[in-house]
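Single-structure report; data block below.
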Amino acid sequence: MFRNLEDTIKQLNADVNNVANCEKAKRLRKKLLSIGLPMTIGGFLGVFVCFAMFAISGYSSASTGNTNIAGTVIPFILFIPFGVVAGIGSMITSLGLKIVITGYTSNLIHETVGNICPSCGETIKPETVFCPKCGTQVKNECPNCKFINKSTNKFCEKCGKSLDKK
């Protein structure tokens, strides 16, 4: 039952990682957050201001006995569209944040579970230096001690020497 679980997780993560971290997803995430956050903030500020104006108008009407219908009704009516804007903005922001969370989660899974080619998403063996599908170098051999390091390492994990090939 659990024998192929690690391979299944790696294969599923390769697809999610490619989708959540591709340029199209990054552009969509940026657009959703740049639209959703201002709508959410503006909507909630509008709701707060309308509620405050409604409460102040109601309090002053009660204390003076002079009813200001426009000062009471207008904030009450504007409360609804500001609430709708805040709700829509929250949903748009939520969609953008889901893309962010999916991207970070897939990166975390990739670092902890998978040996996946960063270029094509192919599952590779831990000792593989070059991807068998696309040829991308996925590990760096230390020129000093010959230890195999991750391709993202700038220095050897074993001896600390620079991995730059100068």
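Coordinate-derived values only; no laboratory data. The structure displayed is predicted, hence computed values, not measured ones. We place every Cβ from the backbone using ideal geometry, glycine too, and count neighbours over all the protein chains shown.
Can you pull out the trypsin sites (Lys or Arg not before Pro) in the stretch 83-147 whose DSSP state is coil and whose Cβ has at most 15 other Cβ atoms within 10 Å?
Those satisfying the criteria are LYS133, LYS146.
Skipping prolines and chain starts, which residues have an amide H placed within reach, meaning under 5 Å, of the one on GLU141, given they are 5 or more residues away or on another chain?
ASN149
Find the all-direction average of the projected area of the Cα convex hull for the stretch 48-157, expressing the result in square nanometres with one decimal place.
The directionally averaged projection comes out at 12.1 nm².
For the stretch 93-166, place one equal point scatterer on every Cα, skip the solvent, and apply the Debye formula. What is log10 of I(q)/I(0) at q = 0.20, 0.22, 0.27 Å⁻¹?
-0.88, -0.97, -1.16
For the stretch 22-166, what relative contact order do you get, as a whole percent, if you take Cα pairs closer than 8 Å and at least 6 residues apart?
19 percent
Binned at 5 Å from 0, what are the whole-percent values of the Cα-Cα distance distribution for the stretch 57-101, short to long?
Histogram of Cα-Cα distances, whole percents per bin: 5, 20, 15, 12, 11, 10, 8, 7, 6, 4, 2.
Would you grab the residues whose amide H sits under 5 Å from the one on PHE155? Only those 5+ places off in sequence or on another chain, please, with H modelled 1.01 Å from N.
Correct list: LEU163.
Okay, which of the stretch 22-46 sit inside 15 Å, backbone N to the point 7 Å along the Cα-Cβ direction of MET91?
Backbone N within reach: 36-37, 39-40.
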